[in-house]
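Okay, structure first, notes after.
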Amino acid sequence: MTGLAALLLSRRPIAPRLPDVLACLVALAHPLRSDDRMLPGWWSAAGPDGKAMAGGHGNNGMAHGIAGPLAVLSLALREGISVPGQEEAVGTFATWLDRHGAHYWSTTAHLDAEPPPAAEPARQSWCYGQPGIARAQQLAALALGDTARRRAAEDTVAVILTDPLRLARITDSTLCHGWAGLLMLTRAVAADSPAPDRFTPIIHDLHRRLAADWAHLPKPGFMEGRAGAQLALHATDTTGWTRVLLLT
């Protein structure tokens, strides 16, 4: 549904079915009752691998979780397109990620913990992890005029992408989970920041890493291959392709 919303949002004139899709995403903000407890409306009975999982999970990532709907609902608001409850849904999703966004996904154990447990060290990327979530949070902040959340999101990107230990966990150059995705994400964050220059050294470093490694990718394709990496390397977005990544 998020991908469909992104596609319809990119049409000119705006596609007439877009409000229906946005309304479906807004409905995810309504909590669900399960086994005498309240769960987020996007909670899944299956685990991240699609198999049954005791208690289910709530996914947080940009590619697979609630950060994606947050991003596209925020992008729509920034273009002046909204349906009833959309701003409230953006606030609900953003507040959830304030609390749980350090994790790839949340389990019922996370919900029962106060505060939520610290996240284990993990790869930080566009698809999963705090950089992608931070861009969604920045978009939400821009849509709602929330200066504090915008600043926190930008700080998250700056801290993570200057941390050698976190950078050491990035192992390839793909858009999905490698240098290319992080480069495009950081460019988008910088473009919407009142202090873009703070990201210039980060962008240069990511570009250097991508340029040195993209040709080693074994796949030719877009999300996990050389084509996507080259798009990022050359910083071309004349077709608006970065909407696919929910970045712009």
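The values are calculated or read from the model by the stated rules, or taken from the named source; none is laboratory data. All values derive from a computational prediction rather than experimental measurement. Cβ atoms come from the backbone with ideal geometry, glycine included; neighbour counts cover every protein chain shown. These area figures cover heavy atoms from the full protein model, side chains too; ligands, DNA and RNA do not enter into them. Shrake-Rupley method; radii C 1.70, N 1.55, O 1.52, S 1.80 Å.
Counting charges near ALA212 (Lys, Arg +1; Asp, Glu -1) among other residues having Cβ under 13 Å from its Cβ returns a value of -1. Pair-distance distribution P(r) for the chain, from all Cα-Cα distances in 5 Å bins starting at 0: 1, 7, 14, 18, 19, 17, 13, 8, 3, 1, 0 percent. Here GLU88 sits with roughly 120 square angstrom of accessible surface, probe radius 1.4 Å. Here HIS216 sits with roughly 140 square angstrom of accessible surface, probe radius 1.4 Å. Each of the peptides 29-38, 151-160 was scored by the mean count of other Cβ atoms within 10 Å over its residues; in descending order, highest first, they stand as 151-160, 29-38. Using only side-chain charges placed at the Cβ, +1 for Lys and Arg and -1 for Asp and Glu, the dipole size of the stretch 1-109 relative to its Cα centre rounds to 240 debye.
Return the carbon/sulfur percentage of the accessible area of the chain, one whole number, probe 1.4 Å, all protein chains in place. If you can, show how the numbers build up before the last one.
Working: 6540 of 11430 Å².
That share works out to 57 percent.
Averaging Cα coordinates gives a centre for the stretch 46-69 and one for the stretch 169-248; these two points are 25 Å apart. Excluding ligands, DNA and RNA, the accessible surface per residue across the stretch 1-245 is 46 Å² with a 1.4 Å probe. Among the protein heavy atoms, those of LEU97 account for about 10 Å² of accessible surface (1.4 Å probe, every chain in place).
Residue farthest toward the positive end of the dipole of the chain, with Cβ of Lys/Arg at +1 and Asp/Glu at -1: which of ALA113, GLY55, PRO196? Farthest towards the positive pole: PRO196.
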